[in-house]
Amino acid sequence: MLKGGFQQLWNYDSAAGAGKFLGEWRWRTMRSRIEPMNRIARTLRKHRELILNYFRAQKEFSSGVLEGLNDKAKATMRKSCGFRTYRVLELALYHSLGKLPEPELAHGFF
């Protein structure tokens, strides 16, 4: 019920209403004594102002796209098993994030 009830937060249009809902939801969650939910409630308390910024910006901005790009960049760096130069890393990131075509020859042989 707590998990499902939290989804109502995204229906609010004002930061004040969302803040009130967030406070009440956190209070109910802390009273439930379910430790995993209590950890979530404590995390939400720490990030309350950042969450409310979403409502202050009138829901026009979301960091989802940025988080997705960060994940792709990290995955590219993990797959690489290390690059010798920053330039090669930069090229790999351009290809993975920008969906650029792969060059015909990845390496030049002399």
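The values are calculated or read from the model by the stated rules, or taken from the named source; none is laboratory data. Just so it is clear, the model here is predicted, and its values are computed rather than measured. Here Cβ is always computed from backbone atoms with ideal geometry, including for glycine, and neighbour counts include all displayed protein chains.
Is there a residue being of a type in the set (Val, Ile, Thr), in contact (Cβ under 8 Å) with a residue 24 or more places away in the chain, out of contact with any His (no Cβ under 9 Å at 6 or more places or on another chain) and not in a helix (DSSP H, G or I) anywhere in region 14-33?
no
Could you list, in sequence order, the residues of region 1-23 that are of a type outside the set (A, V, I, L, M) and surrounded by fewer than 16 Cβ atoms within 10 Å (Cβ to Cβ)?
LYS3, GLY4, GLY5, GLN7, GLN8, TRP10, ASN11, ASP13, SER14, GLY17, LYS20, GLY23
May I ask you to list the residues in region 60-100 that are among the small types (Gly, Ala, Ser) and farther than 30 Å from TYR12 by Cβ?
Once the filter is applied, which keeps residues that are among the small types (Gly, Ala, Ser) and farther than 30 Å from TYR12 by Cβ, region 60-100 yields ALA73, ALA75, SER80, GLY82, ALA92, SER96, GLY98.
Yes/no matrix, rows are residues, columns are (1) within 15 Å of the chain's Cα centre (by Cα); (2) at pLDDT below 90; (3) farther than 29 Å from GLY98 by Cα:
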| residue | (1), (2), (3) |
| --- | --- |
| GLY4 | no, yes, yes |
| TRP10 | no, yes, yes |
| GLY19 | no, no, yes |
| LEU22 | no, no, yes |
| GLU60 | no, yes, no |
| VAL65 | yes, yes, no |
| ALA73 | yes, yes, no |
| SER80 | no, yes, no |
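Quickly run through region 24-56 and pick out the residues that are aliphatic (A, V, I, L, M) and surrounded by 13 or more Cβ atoms within 10 Å (Cβ to Cβ). Steps first, please.
At the first step, the residues of region 24-56 found to be aliphatic (A, V, I, L, M) are 30, 34, 37, 40-41, 44, 50-52.
Selection gives MET30, ILE34, MET37, ILE40, ALA41, LEU44, ILE51, LEU52.
Give me the pairs, please: first residue somewhere in region 82-94 and touching a residue at least 60 places away in the same chain (Cβ under 8 Å), second residue anywhere and aromatic (Phe, Trp, Tyr), beta-carbon distance under 8 Å, and either six or more positions apart or on two chains.
none
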